Amino acid sequence: MDNNKPEGKKLNKNPINATSIRELWSKTYNTAGEPDWSHILPYYDENIYFRDSIQEIRGIVPFTEMTERLTKRSKDLKMTIVNAIMFEKHLFIEWEMTIKYKKNPSSVLYGASRLTLNEDGKIAEQRDYYDLWGDIFDNIPRFGKAYRRFMKKKFG
């Protein structure tokens, strides 16, 4: 009997940290072909809670379905991890995602994610923060500047 392993707990033999999450996410959004989450999904808890600017998802099945929808909608999808840092059971990741929707030009979304690990070392919560519309509108001539003026006037 292993005295270092709590009874009934399944410990992750490859723990998630700032270095491993950078490597895992970099492989997800490859430069050739469609994005693939299959290698990272085992690091997510079965009851994952995910939230971003658009949606709130609970459970690995709906989370997996969301990744599949993103792959189908995107003609080209790449992600660059700018920074990753871990504090206790929280990982903070700053990223730049280049996405191309069908006939539209590529857009770069600038964002950050907070990942919370559970006691088994799996990702139990993921909260993504980004300005979807602002980053997309910036790529539309004249409209992007008008949108930014509107936002500054109303909220800045």
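The values are calculated or read from the model by the stated rules, or taken from the named source; none is laboratory data. These figures come from a predicted structure and were not determined experimentally. For neighbour counting, all protein chains shown are included, and Cβ atoms are generated from backbone atoms with ideal geometry for every residue, glycine included.
Across the range 1-39, the qualifying residues are those that are assigned to a helix (DSSP H, G or I) and farther than 19 Å from D120 by Cβ, and the one among them that is modelled with the highest pLDDT is T19. Among the residues making up the range 40-59, those that are in a helix (DSSP H, G or I) and surrounded by fewer than 17 Cβ atoms within 10 Å (Cβ to Cβ) are L41, P42.
Taking every residue in the range 125-140 that is on the phi < 0 side of the Ramachandran plot and at pLDDT 70 or above and pairing it with any residue that is of a type in the set (D, E, K, R) and surrounded by fewer than 18 Cβ atoms within 10 Å (Cβ to Cβ), at least 6 positions away or on another chain, the pairs with Cβ-Cβ distances below 6 Å are R127/R51; R127/R114; D128/D52.
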